[in-house]
Amino acid sequence: MTMHPSDIDIPATDWQWRRFDDLSGAEVYAVLAQRQQVFVLEQQCLYNDFDGLDQAAFHLLGWRDDGGTRALAAYLRVLAPGAKYAEMSIGRVLTAQAFRGTGLGRELLAQGIAHAERQFPGQRIRIGAQHYLEAFYASFGFQTVTPPYDEDGIVHVDMLR
């Protein structure tokens, strides 16, 4: 019997939007642990993740079942215009290693863009994208607006949508 992609049971994602003050201690811990895992350990990048912007952000948490345990599978944050850039911004975009290659990253970014546009209608969105993900973000309508630059030892570009 041949399996088709439509035959594969992809678990549903439980999406939750939270303001910082509405995150539980366990949710904050899960977010910070996953950000450390991806951005510090996997990417071997020593940087200050505690940038003072989380308290003003909208946080999108994507939860999935991972062998009977609820796991943070995807995450991003949205900042209002003026918080980091003149435009609103989306950042700290990640998909946990166990859930990569499932389309979850595309679902995450689509959810993030839709929420950002509802919160701040008519505003442009700026991202500081890792250069190797430039085509991924371009597929969502982002356009590169800076030459490549080094940020914490990783090549980035700024992009606008």
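Can you name every residue in region 93-133 that is of a type in the set (A, V, I, L, M), assigned to a strand (DSSP E or B) and closer than 18 Å to LEU160 by Cα?
Residues satisfying the conditions are VAL93, ILE125, ILE127, ALA129.
Counting just the residues of region 95-119 that are among the β-branched types (Val, Ile, Thr) and under 13 Å from the mean Cα position of the chain (by Cα), which one comes out surrounded by the fewest Cβ atoms within 10 Å (Cβ to Cβ)?
Taking the candidates together, the pick is ILE113.
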Exclusive hit being in a loop (DSSP other than H, G, I, E, B), of a type in the set (Phe, Trp, Tyr) and under 16 Å from VAL31 (Cβ atoms), set PHE50, PHE140: PHE50
From ALA98, ALA73, residue being modelled with pLDDT under 95 and touching a strand residue (DSSP E or B) at 6+ places or on another chain (Cβ under 7 Å): ALA98
The lone exception for VAL40 - which of (1) loosely packed, with under 15 Cβ neighbours inside 10 Å; (2) modelled with pLDDT of 95 or more; (3) within 20 Å of LEU133 (Cβ to Cβ); (4) of a type in the set (A, V, I, L, M, F, W, C) it fails: (2)
Pairs where the first residue, in region 65-94, is buried (at least 20 other Cβ atoms within 10 Å of the Cβ) and polar (S, T, N, Q) and the second is modelled with pLDDT of 95 or more and in a strand (DSSP E or B), C-beta under 8 Å, 6+ apart: SER89/VAL78; SER89/LEU79; SER89/ILE125; SER89/ARG126; SER89/ILE127; SER89/GLY128
Hits in region 52-64 - residues which are free of Cβ contacts under 8 Å to residues at least 40 places away in the same chain and surrounded by 14 or more Cβ atoms within 10 Å (Cβ to Cβ): LEU53, ASP54, ALA56, ALA57
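The values are calculated or read from the model by the stated rules, or taken from the named source; none is laboratory data. Predicted model only: the values in this text are computed from it and were never measured. With ideal geometry, Cβ positions are generated from the backbone for all residues, glycine too; neighbour counts draw on all protein chains shown.
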